[in-house]
1. Taking R32 as meeting all but one of (1) open to solvent by less than 70 Å² (accessible area, probe 1.4 Å); (2) in contact with a helix residue (DSSP H, G or I) (Cβ under 6 Å, 6 or more places away or on another chain); (3) at pLDDT 90 or above, write down the number of the exception.
2. Which pairs have Cβ atoms under 6 Å, sit 6 or more apart or on different chains, and link a residue in the stretch 6-35 that is at negative phi to one that is assigned to a loop (DSSP other than H, G, I, E, B)?
3. With the condition kept exactly as written, say whether any residue in the stretch 39-58 is modelled with pLDDT of 90 or more and of a type in the set (A, V, I, L, M).
4. What residue, among those in the stretch 3-23 that are exposed (fewer than 10 other Cβ atoms within 10 Å of the Cβ) and of a type in the set (D, E, K, R), is modelled with the lowest pLDDT?
Amino acid sequence: MRQEWEPEDLIEVWTLLEDEVVRLRNKTGANRLGFALLLKFFEVEARFPEVRGKSRRLRWRTWLSR
């Protein structure tokens, strides 16, 4: 994943498109945010994020389960 982004690139890559917003309609709260982030990450990287280390894994699970 890129570490430095130009504002235009952030907007182009991370903005949800209309069909993506439709996919989020049945999600609520943090589930909606988590799903949206995973969707866009997969679109950019063609893979799901790797989780390394126990503490990071717990933070990720805790964040997604809120």
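1. All conditions pass for R32, except number (1).
2. Qualifying pairs under 6 Å: A30/R66; F35/K27.
3. Yes.
4. The extreme case among them is E4.
The values are calculated or read from the model by the stated rules, or taken from the named source; none is laboratory data. Here the structure is a predicted model, which is why all the values come from computation and not from measurement. Ideal geometry is used to build each Cβ from the backbone, glycine not excepted, and the neighbour counts take in all protein chains shown. When the accessible area is computed, the model is the full protein with side chains, heavy atoms only, and any ligands, DNA or RNA have been set aside. Shrake-Rupley method; radii C 1.70, N 1.55, O 1.52, S 1.80 Å.
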